[in-house]
1. Report whether or not Ser4 is modelled with pLDDT under 75, farther than 25 Å from Asp320 by Cα and surrounded by fewer than 18 Cβ atoms within 10 Å (Cβ to Cβ).
2. Return the total of residues in the stretch 501-511 being assigned to a helix (DSSP H, G or I) and surrounded by 17 or more Cβ atoms within 10 Å (Cβ to Cβ).
3. Determine, yes or no, whether Lys487 is over 19 Å from Pro355 (Cβ atoms), of a type in the set (Lys, Arg) and part of a helix (DSSP H, G or I).
4. Of all the residues that make up the stretch 473-522, how many are within 27 Å of Phe449 (Cβ to Cβ) and modelled with pLDDT of 80 or more?
5. Has the stretch 398-411 got at least one residue that is touching a residue at least 60 places away in the same chain (Cβ under 8 Å), touching a Lys or Arg at 6+ places or on another chain (Cβ under 7 Å) and part of a helix (DSSP H, G or I)?
6. Would a scan of the stretch 218-229 turn up a residue that is within 18 Å of Asp69 (Cα to Cα) and in contact (Cβ under 8 Å) with a residue 24 or more places away in the chain?
7. Restricting attention to the stretch 386-396, report how many residues are crowded, with 21+ Cβ neighbours inside 10 Å and in a helix (DSSP H, G or I).
8. Looking at Ala310, Ala289 in this structure, which one is closer than 18 Å to Gly40 by Cα and modelled with pLDDT of 80 or more?
Amino acid sequence: MFLSDFRFQFSVFSSLFLSLTLMGVVIRQSIKGTFWNYLGVVLGAANIMWIFPYFLTPKEIGIYRVVIDLATLFAIFAGLGTGHIADRFYVKIKDTYRQGFIGYVCLMALVGFFLFSIAYWIFDDFFFELFSKNASVIQSYKGYVLALTFTFVLLSLYDSIYRVRLNIVTTVFFREVFLRLVVLITAVAVGMHWLYFDGLMDWIMASFFFTVLVLGIWYYLRFIKGTVCTIYWPDKGMFRAIKSYAFVILIGGGSAVLISRIDVLMITTLMPNGIETEVAVYSLGFFIASIIEIPRRSISQIATPLIANAWHHNDIAYIDDIYKRSAINQLIVGGGIFLLIWISIDDLLAIIPNPEVYANCKSVVLWIGIARMITMITGLNGEIILQSRFYMFNIVSVVVLVLLIVLFNFIFIPIMGIEGAAIGTCLAILGYNVLKTIFLQVKLNMMPFSWQIVKVLIVGVLVYIPFAFWPSAGGGWWLALVNISFKSLVCIVLITPVLYKLDVSEEMNKLLDKALKIFLSKWPNKQG
């Protein structure tokens with residue numbers, strides 16, 4: 001099976017699901033991966049929206065969030081960009097050396113972490129003093145940060161080496177479902193006084209180590225055992241290419257992760273009570289809004305090696321097709337999710353434990369939701385650039401983004417608090433995606449936008465108007481749930497036939513036709 005033979009299209013999987021319509025193993029992997037991703041969303045939503053607020057204090061939530069975010073950021077630098085290196089160069093290696101290439105990348109990751117851990121212990125006091133208002137609290141968990149950094153390095157690497165084997169399901173299950181299930185159980189245990197908070201952190205750290213151990217054993221049994229492994233060491237030309245690309249990933253990838261985490265870290269730094277309450281409130285709003293972008297995550301995971309292969313064969317038409325289809329279909333699904341969230345945001349926040357504490361996250365949902373919509377509507381621009389010969393531009397774009405987001409946060413957080421952090425992130429992401437879109441248009445004459453996108457946006461705004469006057473339920477969580485369900489049903493019934501009639505997405509219409517055909521085939525056939 002040759003990846004260059006694939007021509008895939010994006011389709012809406014019910015009202016919320018989006019997967020790549022490919023051939024053979026790819027379609028199975030994308031559908032299963034989407035299923036596990038959304039099950040993970042359910043668990044993540046349960047954790048952040050109900051379990052955490054009910055069983056943990058805002059301060060404990062803030063500590064957990066900062067530790068995870070720091071480990072995620074550090075993993076980019078400690079791993080030397082090895083996950084992305086595997087994505088880009090695997091297809092360039094001869095078949096007989098590919099297993100050895102994976103071993104070489106694993107060695108790079110271990111060396112990178114070893115060097116990082118030395119620097120971490122030498123400069124940790126200086127670094128944690130950046131959190132001057134909360135330094136003592138954060139520094140007491142520095143051991144957890146380093147241990148989780150190690151597991152995140154390996155998880156990122158496993159994501160890549162499983163992905164190039166066209167197997168995303170295994171890593172998605174452990175990352176999105178198993179680990180979140182452990183967090184849920186341990187948080188409940190803390191709330192029931194079966195564990196102290198440090199015990200929760202111990203169990204979470206142990207679950208990550210267990211995950212990387214299982215993924216390593218499974219990879220060996222599935223792909224290595226019984227095969228002949230040839231040792232691989234890059235020649236000078238390949239070494240220079242890998243080194244250059246690793247530098248881009250360290251700067252670009254590290255900056256990209258910093259972008260998604262810096263708002264929480266700057267809230268902790270700039271607000272005296274940041275880790276006491278504000279981080280927890282901001283994280284809740286951020287998570288709700290981030291649900292919008294989950295379809296893009298599934299697409300990106302399976303599309304990245306396909307885009308890399310298309311660049312390898314200089315198949316520009318294929319890449320352009322991915323670019324345009326991703327933009328319109330991501331907008332339909334992401335925009336639909338955003339609309340469903342926003343029309344019921346008051347009822348949604350009312351069913352969260354301690355709603356008076358978390359009410360301020362509404363503005364965060366709005367601005368981060370807009371930021372996510374901007375990312376969705378501009379398609380897979382980052383993946384296309386990163387896998388192309390123009391990947392050095394990734395450094396320019398993400399450095400600009402980091403500078404913008406730091407600048408905006410320094411301006412807005414002291415004035416507007418967590419809403420200022422959300423506004424700063426939104427403005428920075430707007431500039432970031434405009435820059436990448438212009439670059440692809442100038443260099444490759446690719447543009448993701450079309451009149452179909454304009455139609456979808458107009459329909460979305462018109463459908464939202466009557467819901468703006470629809471009152472929240474009030475009076476109890478069960479009334480709020482009924483109101484959310486009824487609003488969502490009415491919204492879907494209103495918007496789906498309009499988009500179908502306008503024929504904004506060939507993939508969506510085919511899926512709806514197929515669903516209708518299946519439904520009618522199940523309908524009792526009355527004769528005589």
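1. no
2. 4
3. No; evaluated as a whole, the condition is false for this residue.
4. Going through the stretch 473-522 one residue at a time, the tally reaches 21.
5. There is no residue in the stretch 398-411 that is touching a residue at least 60 places away in the same chain (Cβ under 8 Å), touching a Lys or Arg at 6+ places or on another chain (Cβ under 7 Å) and part of a helix (DSSP H, G or I).
6. Within the stretch 218-229, not a single residue is within 18 Å of Asp69 (Cα to Cα) and in contact (Cβ under 8 Å) with a residue 24 or more places away in the chain.
7. Adding up the residues that qualify gives 2.
8. Step by step, each of Ala310, Ala289 is checked, and only Ala289 is closer than 18 Å to Gly40 by Cα and modelled with pLDDT of 80 or more.
The values are calculated or read from the model by the stated rules, or taken from the named source; none is laboratory data. Keep in mind that what you see is a predicted model, and the values were worked out from it rather than measured. In this analysis, Cβ positions are derived from the backbone assuming ideal geometry, glycine residues included, and neighbour counts consider all displayed protein chains.
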